[in-house]
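A short worksheet on the structure shown next.
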Amino acid sequence: QVQLVESGGGSVQPGGSLRLSCAASGSIFSINNWGWYRQAPGKERELVARIRAAAYITYADFVKGRFAISRDNAKNTVLLQMNSLRPEDTAVYYCNAADAYSKIYWGQGTQVTVSS
């Protein structure tokens, strides 16, 4: 089993920045894909960014150039640096992990609100 705990959400004005952190514990040796998803009210959950094998990174078009995903292996964390935030970035952000057997794990989510 893998446990994921997100932190770092909050309220920020448009143009501001936040850094989300996902602390992983348990059988993390089995994980080969890490990602961040988000879900806005009334919308489906969508991929924000994914990192695989610490080298292959994918971003959703709507965050390219603004967000950056990274891993801190020493601390077993996955980070999402979010810059130039927009009101449409308001959502609950979820950390995601997948192992080699395609088992999926989710964190509890952290709220990000972008508003003036």
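The values are calculated or read from the model by the stated rules, or taken from the named source; none is laboratory data. Remember, predicted model here, so these are calculated numbers, not experimental data. All Cβ positions, even for glycine, are placed from backbone atoms using ideal geometry, and neighbour counts span all protein chains on display. Just the protein is used for accessible areas: all its heavy atoms, side chains included, with ligands, DNA and RNA removed. Shrake-Rupley method; radii C 1.70, N 1.55, O 1.52, S 1.80 Å.
Measure off, as a whole percent, the carbon and sulfur share of the 1.4 Å-probe accessible area of the chain, all protein chains present. Answer for the chain: carbon and sulfur cover 48 percent of the accessible area.
Within the chain, the longest run free of trypsin sites (Lys or Arg not before Pro) that sit in a DSSP loop with at most 14 other Cβ atoms within 10 Å is 1-42.
In the range 70-107, what chymotrypsin sites (Phe, Trp or Tyr not before Pro) fall in a loop by DSSP, with at most 10 other Cβ atoms inside 10 Å? Walk me through the intermediate numbers first.
Numbers: sites: Tyr93, Tyr94, Tyr101, Tyr105, Trp106; in loops: Tyr101.
Listed in order of number, the matching sites are Tyr101.
Against the empirical 2.2 N^0.38 Å scaling, what ratio does the C-alpha Rg of the range 1-63 come to?
Numbers: Rg = 13.5 Å, N = 63, 2.2 N^0.38 = 10.6 Å.
Cα-based Rg divided by the globular estimate yields 1.27.
Under the classification rounded if a/c is under 1.5, otherwise prolate if a/b is larger than b/c and oblate if not, where does the range 60-114 fall, given a ≥ b ≥ c as square roots of the Cα gyration tensor eigenvalues? Verdict is prolate for the range 60-114. Out of every Cα-Cα pair in the chain, what percent are more than 23 Å apart? The share of Cα pairs beyond 23 Å in the chain comes to 23 percent. Note on the chain: with a GNM built from Cα contacts shorter than 10 Å, the maximum mean-square fluctuation among Pro41, Pro14, Pro87 falls on Pro41.
With the alpha-carbon atoms of the range 50-90 aligned to their principal axes, the span from lowest to highest coordinate is 33, 19, 13 Å, starting with the largest. Only sites in a loop by DSSP and with at most 12 other Cβ atoms within 10 Å count here; which GluC sites (Glu not before Pro) in the range 1-91 make the cut? Listed in order of number, the matching sites are Glu44.
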